[in-house]
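Single-structure report; data block below.
What follows draws every value from the coordinates through simple rules; no lab data is involved. Quantities reported herein were computed from a predicted structural model and do not represent experimental measurements. Neighbour counts run over all protein chains shown; Cβ positions are idealised from the backbone, glycine included.
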Amino acid sequence: MDNTNTSTWQELSRQVAGLCSRIPATAGPAVLARELAVLAPELRFREVLSRGGWYRLGGVVDADNVHLSDHLEAWAERELAVHDEDMVALCDHYAGRGLRATRLTGRTHYLVATTGAGAADFVQIEIEELQEIVSHPLFAAERTPSGIEELIDPRHLDATACAAAAPIGAPFLILRRLTPVAAFLARMRAQKPEAQPIHRFVEAWEASSAGAATQLSNHWVVAVHEHLDRYRQSVLHAAPVAALNGAAPKFAATFGMQGLALHQAMARYDKAAGFPMAWFFHMLTVRSAPYALANAVISDVLEGFQYLPARDIEVVKQWLYQPYAF
């Protein structure tokens, strides 16, 4: 499938959104991948990462869990405006009515499919698995909230209590976004003439032993973000996220280690991570390997220890010359 065919990706995005509305959240990623194969048989989607532990503001319900609004912040802002921006008056008006805020607790499933030979030649689909729960009572605090933020998302809220709260309705799936990664990175390139960290990361992958051994999308997803600046111009951001369903390996090396011992520690790390040069790429992202490791490697090279291929040595040197991280 053409990485640059916007209309094709838009149509697939529309179809995936419809698919999410039909499939129960309990179906699981294997079913999602199978259904995606029906929509786009030329692509082979697979789940590489699932991330939970996050939430989004929900709405407002009464004591019987009847929704008064699906958008908590907009509702609170509108009600505060009705009461002339007087938080005390707003709290007095709703005191004793049993109104409660809700949250959407979430887990994101990342499914990818290769579209070409390049490291960035893959399409990434983010599907959110959401569950609405009661978050906290509104207008029942001992003191008046200082503002909208404290009313709708109080910092003192007990995360454990939220996790144990009764759900409202069944969990459901929605499409967060579909991203042809190569096209997105090309758009970023068009914004700025110099390569940004994500571009250098992809280039380093392609130049290193990692790129020769495996596809980038087997081990990474790309967190993308787009916002409008003060001139209403679109600004794009992207960062690699290690596809680790669990903790990263621990780099077992002591300060000052060099030579054969350092090489063995790097080899053990790469084996645990599942691809060559994992220590380097994890150094830039999950921080499970120290930055000092790059200096130690090049010091060994200068002293005649040639335990890395020339291509990998060059990647490390380029990073030392102009460091970047995420």
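Details
- Dipole size of segment 70-213 about its Cα centre, with +1 on Lys/Arg Cβ and -1 on Asp/Glu Cβ: approximately 600 debye, rounded to the nearest 20.
- Unit Cα scatterers, Debye sum, segment 6-179: log10 I(q)/I(0) for q = 0.09, 0.11, 0.13 Å⁻¹: -0.43, -0.59, -0.74
- Between the listed residues Ala40, Phe275, Ala166, the Cα displaced farthest toward the positive end of the dipole of the chain, a dipole computed from Cβ unit charges relative to the Cα centre, is found at Phe275.
- Mean Cβ neighbour count within 10 Å, used as a protection proxy, ranking 55-64, 243-252 highest first: 55-64, 243-252
- Inverse of mean 1/r across different Cα pairs in the chain, Kirkwood, Å: 23.0 Å
- FRET efficiency estimate (nearest 0.05) - Cβ-Cβ, Lys192 to Leu260, R0 45 angstrom: 0.60
- Dipole of the chain [Lys/Arg +1, Asp/Glu -1 at C-beta], most positive-end residue of Tyr324, Gln258, Ala204: Gln258
- Helix 197-207 and the longest principal axis of the C-alpha atoms of the chain enclose an angle of approximately 40°.
- Acute angle (nearest 10 degrees) that the helix 259-273 long axis makes with the longest principal axis of the chain, alpha-carbon atoms: 40 degrees
- Our summary gives the chain a relative contact order of 15 percent, counting only alpha carbon pairs under 8 angstrom and 6 or more residues apart.
- Local net charge near Val301, Cβ-Cβ under 12 Å (Lys/Arg +1, Asp/Glu -1): -3
- Computed from the Cβ-Cβ distance with R0 of 51 Å, the FRET efficiency linking Leu320 to Glu150 stands at 0.65.
- Mean Cβ count within 10 Å, highest first, over the residues of peptides 47-53, 99-105: 99-105, 47-53
- Cα pair count fraction exceeding 19 Å, expressed as % - segment 184-260: 54 percent
- In a fully extended conformation the segment linking Val301 and Ser21 would gain 95.2 nm over its present Cα-Cα distance, using 0.36 nm per residue.
- Cβ-based net charge around Gly58, under 9 Å, with every Lys or Arg adding one and every Asp or Glu removing one: 0
- Highest-first arrangement of 86-95, 298-307, where packing means the average Cβ count within 10 Å: 86-95, 298-307
- Segment 6-179, relative contact order [Cα under 8 Å, separation at least 6], %: 26 percent
- Taking all Cα pairs closer than 8 Å and separated by 6 or more residues, the relative contact order of segment 192-326 comes to 26 percent.
- Nearest-0.05 FRET efficiency for Arg14 and Gln233, computed from C-beta distance (R0 30 Å): 0.70
- Scaled against 2.2 N^0.38 Å for its residue count N, the alpha carbon radius of gyration of segment 224-310 is 1.43.
- For segment 189-194, backbone phi angles converted through the Karplus equation (6.51, -1.76, 1.60; θ = phi - 60°) give residue-by-residue couplings of 4, 5, 6, 10, x, 8 Hz, Gly and Pro being listed as x.
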